[in-house]
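The values are calculated or read from the model by the stated rules, or taken from the named source; none is laboratory data. Since this is a predicted model, take the numbers as computed values, not measurements. When we count neighbours, we look across all protein chains shown, and the Cβ atoms used for this are built from the backbone with ideal geometry, even at glycine. The accessibility values were calculated without ligands, DNA or RNA, using every heavy atom of the protein model including side chains. Shrake-Rupley method; radii C 1.70, N 1.55, O 1.52, S 1.80 Å.
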Amino acid sequence: MSAPGVSGDPGVPDAAVEWFRRSVPDISGDVTFERITGGRSNLTYRVTDGAGTTWALRRPPLGGVLETAHDMGREWRFLSALAPTDVPVPVPVAFCDDRDVAGVDFYVMDFAEGRVLNSLADGERVPEASKARVGESTMDVLAALHAVQPGEVGLDDLARPGNFVERQLRRWHRQAHSSAMEDLSAIDAAHEALAERIPEAPPNRIAHGDYRTGNIAYTDAGQAVAVFDWELATIGDPFCDLGHLLVSWSEPGDAVPAALPGPTGAGGFPTRAQLIDRYEAATGTKLPDIEFYMAFARWRAACIHAGVWTRYQAGDMGEAEDADEVTGPAAIDEQARAALDELRR
């Protein structure tokens with residue numbers, strides 16, 4: 001926690017504190033800044049004023065910024081476009097594109113209060129009576145997101161021609177090879193197998209890019225009330241969101257760890273099959289080749305974690321930060337091999 005009126009963090013220099021006081025309405029007294037742990041890419045700070053009002057400030061990492069990643073303007077645009085829809089998002093407050101302030105673009109939004117379920121320990125604290133609702137509301141919100149027509153919220157210009165998954169395979173493969181990982185043989189093998197099995201593209205929709213319980217705030221009753229971390233959002237194949245969620249959702253009997261940390265290993269949550277049923281019922285869509293989308297999600301997570309691990313090694317995620325259990329070379333290799341096994345099955 002910073003001293004009143006300053007941040008004490010290189011990610012929020014004094015000029016950014018001054019900008020915050022000028023740009024955010026209804027501030028009472030001094031403001032303090034606290035970096036929230038747990039994020040593995042863009043940095044998030046909880047900002048609190050003298051009256052106890054809280055906001056969240058988002059900015060890129062301190063260094064090691066990858067190509068096409070950490071675009072604050074793009075993240076702000078998705079957040080602003082979705083604020084009037086049925087998709088629950090934090091209220092956007094102010095955006096700064098003056099590089100003289102902090103050296104990067106950044107923005108401020110209302111702080112999303114609620115439980116963020118990002119770990120096994122978080123799952124153990126969820127009341128048993130609320131666990132089913134966590135799964136149901138997670139899928140209902142995803143269905144609501146995929147029901148939004150990009151053109152109706154002014155995002156259709158972000159759509160690109162060609163097959164979305166094909167572009168994603170090229171992008172993340174290239175970025176994995178720009179990481180500090182020495183052995184990329186498993187990532188390369190899975191990439192080749194995925195490229196040979198790309199499904200026919202569904203109609204474009206808004207894809208969050210990192211949709212999972214760790215990027216959602218829930219009430220104590222298990223209702224999803226805010227989706228955040230829109231840094232990877234795009235216009236493309238919505239089934240990629242579903243695959244990403246499913247490989248972060250562990251259940252008893254899994255032979256391979258979840259591709260991302262999550263709460264469901266604590267038990268009592270709906271199964272992946274139940275999540276799929278809920279999504280199909282909410283969207284009226286019969287899912288094609290969900291095994292491909294799960295394999296693609298595991299492989300993509302491995303590529304992303306290679307970049308995250310590289311930034312941790314370089315110290316670009318801030319002082320006293322350590323990579324978590326899914327961002328080391330052994331875990332990355334395991335996920336890439338699991339993606340290949342899934343495709344072969």
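Would you tally the residues in region 207-238 being under 15 Å from the mean Cα position of the chain (by Cα) and within 15 Å of Ala297 (Cα to Cα)? Result for region 207-238: 9. Scanning region 118-155 for residues that are of a type in the set (A, V, I, L, M), within 20 Å of Gln223 (Cβ to Cβ), crowded, with 19+ Cβ neighbours inside 10 Å and more than 17 Å from the chain's Cα centre (by Cα) yields Val126, Val134.
Here region 90-102 is the region considered, the condition is being open to solvent by 20 Å² or more (accessible area, probe 1.4 Å) and in contact (Cβ under 8 Å) with a residue 40 or more places away in the chain, and the residue that is nearest to Arg59 (Cα to Cα) is Ala102. For Ala132, the requirement of being farther than 21 Å from Asp210 by Cβ, touching a strand residue (DSSP E or B) at 6+ places or on another chain (Cβ under 7 Å) and among the small types (Gly, Ala, Ser) is not met.
The single condition from (1) assigned to a loop (DSSP other than H, G, I, E, B); (2) at pLDDT 85 or above; (3) over 30 Å from Ala306 (Cα atoms) that Ala16 fails is (1). Of the residues that make up region 147-155, is at least one within 28 Å of Phe269 (Cβ to Cβ) and in contact (Cβ under 8 Å) with a residue 40 or more places away in the chain? Yes, the conditions are met somewhere in region 147-155.
Across region 39-60, what is the total count of residues that are in contact (Cβ under 8 Å) with a residue 12 or more places away in the chain and open to solvent by 40 Å² or more (accessible area, probe 1.4 Å)? Break it down into steps so the answer makes sense when it comes.
First pass over region 39-60, keeping only residues in contact (Cβ under 8 Å) with a residue 12 or more places away in the chain: 39-51, 53-60.
When the remaining residues are screened for being open to solvent by 40 Å² or more (accessible area, probe 1.4 Å), the result is 46, 50-51, 53.
Final tally of qualifying residues: 4.
The residue list Thr213, Thr234 contains one member that is of a type in the set (Ser, Thr, Tyr), in contact with a Gly (Cβ under 7 Å, 6 or more places away or on another chain) and either open to solvent by 10 Å² or more (accessible area, probe 1.4 Å) or over 29 Å from Arg59 (Cβ atoms) (or both), which is Thr234.
Considering region 288-325, and only residues there that are in contact with a helix residue (DSSP H, G or I) (Cβ under 6 Å, 6 or more places away or on another chain) and in a loop (DSSP other than H, G, I, E, B), the residue that is modelled with the lowest pLDDT turns out to be Ala323. Summed over region 256-273, residues that are open to solvent by 40 Å² or more (accessible area, probe 1.4 Å) and either charged (D, E, K, R) or in a helix (DSSP H, G or I) (or both) total 3. Name the residues in region 274-286 that are of a type in the set (Gly, Ala, Ser) and open to solvent by less than 60 Å² (accessible area, probe 1.4 Å), would you? Ala282, the sole residue that qualifies. Just one of the listed residues (Asp333, Asp237) is charged (D, E, K, R) and either closer than 27 Å to Ala147 by Cα or modelled with pLDDT of 95 or more (or both), and it is Asp237. In this entry, Gly73 is excluded by the filter for residues that are assigned to a helix (DSSP H, G or I), at pLDDT 95 or above and not hydroxyl-bearing (Ser, Thr, Tyr).
I need the full set of residues from region 169-201 which are within 25 Å of Phe228 (Cβ to Cβ) and either open to solvent by 20 Å² or more (accessible area, probe 1.4 Å) or of a type in the set (A, V, I, L, M) (or both), in order please.
Hit for region 169-201 is Arg171, nothing else.
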